[in-house]
1. Please work out which one of (1) part of a loop (DSSP other than H, G, I, E, B); (2) of a type outside the set (Val, Ile, Thr); (3) at negative phi is the condition GLU46 fails and give its number.
2. Scan (1) at pLDDT below 95; (2) part of a helix (DSSP H, G or I) for the single condition ALA14 breaks and write down its number.
3. If you check LYS72 against the conditions, is it open to solvent by 30 Å² or more (accessible area, probe 1.4 Å) and in a loop (DSSP other than H, G, I, E, B)?
4. Does segment 53-61 include one or more residues that are within 17 Å of ILE118 (Cβ to Cβ) and either crowded, with 19+ Cβ neighbours inside 10 Å or of a type outside the set (D, E, K, R) (or both)?
5. Of the residues ARG40, ARG29, ARG63, ARG85, only one is in a helix (DSSP H, G or I), of a type in the set (D, E, K, R) and within 10 Å of the chain's Cα centre (by Cα); which?
6. Does at least one position in segment 22-30 carry a residue that is open to solvent by 60 Å² or more (accessible area, probe 1.4 Å) and either over 19 Å from GLY106 (Cβ atoms) or at pLDDT below 95 (or both)?
7. Could you check segment 34-48 and list, in sequence order, the residues that are under 22 Å from VAL11 (Cβ atoms), surrounded by fewer than 22 Cβ atoms within 10 Å (Cβ to Cβ), in contact (Cβ under 8 Å) with a residue 24 or more places away in the chain and not charged (D, E, K, R)?
Amino acid sequence: MDHSPGFLRIVDDAKSRVREVSVEETKRRMRRGARVIDVREDSEWEIGHVRGAEHLGKGVIERDVELAIPDKAAELILYCGGGYRSALAADVIQKMGYRNVWSMAGGWRAWVEAGTDIEGSATLHH
């Protein structure tokens, strides 16, 4: 997907403050209790998502995260389609006081390419 220069600038800015983890590291952290948050649109979530993930779309995460996850020390790994929107969302919730936030590098595409467990209608084609 081609992204506009303005979008890439704000993503690069967010990534300067957001830590990233690989798919393999995400799996390890999930086994230790990290919560994985899918920040994609509802339609993307319905097609398929990381098995065990929670859905808090980027459009509502600021509004809903404190109710869904009141513990600001909880380990949260956010992902989107390719790692851009999750970096933006991670940056914002860090500003809200969440201290243990990560963005999964490569996002959903990297997860699927790794052959990792998924849920949703995409499982019919996986």
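The values are calculated or read from the model by the stated rules, or taken from the named source; none is laboratory data. In this text the structure is predicted, and so the values were computed from the model without any measurement. As a convention, Cβ positions derive from the backbone with ideal geometry for all residues, glycine included, and neighbour counts pool all protein chains shown. All accessible areas refer to the heavy atoms of the entire protein, side chains included, with ligands and DNA or RNA removed. Shrake-Rupley method; radii C 1.70, N 1.55, O 1.52, S 1.80 Å.
1. (1)
2. For ALA14, the failing item is (1).
3. Yes; evaluated as a whole, the condition is true for this residue.
4. yes
5. ARG85
6. No, that holds for no residue.
7. Selection gives TRP45 alone.
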